[in-house]
Amino acid sequence: MSRILDQRILLLVISFSASVQSTKVLSEWKKCGDPECEKAVSRVQATTDYLGPDCRYLNFKTGEEIMVYSKLSRENENLWTGSKGKDFGYFPRDAVKVEEVFIGEEVEVLTKETDFLCLHEDKYAFE
C-alpha cells in the first residue's frame, strides 16, 4: 500500500512540474492584426521541419502553409503563433518565409495567461 502511495505522489509531482513548464509566460507582449488577435496577420510557408519542445508549439514539415495570428514582441520576438489545419501553436519565425501579408499595421497588446496553455482537441488543458 505504501508503495502505491509513493508512486501516486511521484506522478503528482511530475504532473505538477509539467504543468508549470507548460504555462510559462513566453512574453508579456504580442503583436496582432486586431486587439482580439482574431484576424490572420499573414500566411507563411515552412522552410524547414520543426518539432516543438512541448504541446504549446506547432509542429510542421517543410513546405506546409501556416496562418499567422500573432507575434510575440519585446523580450521574445522570435516566436510567432499560428495554425495549420486544426493544429495551433508557437513556432520560430526563422523556420518560415512570408508568402502573403494580410494586415499592414499590427497592434501591440498584453498577453494573457491563457496564451501559454496547451490546447488539446479543441480544449485547454488545465492541470
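Of note:
- Two-site label geometry, Arg74 and Lys86: point separation in nm, points 7 Å out along Cα→Cβ: 3.6
- Of all aspartates and glutamates in the structure, the ones whose alpha carbon falls short of 13 Å from that of Lys24, not counting any fewer than 8 places away in one chain, are Asp54, Glu113, Asp115.
- Of every Cα-Cα pair in segment 26-104, the percent that sits beyond 21 Å: 18
FYI, it's all coordinate maths here, none of it is from the lab. Treat the numbers as computed from the prediction; the structure is a model and nothing was measured. Don't worry about glycine lacking a Cβ; one is built from the backbone with ideal geometry, like all the others, and counts go over all protein chains shown.
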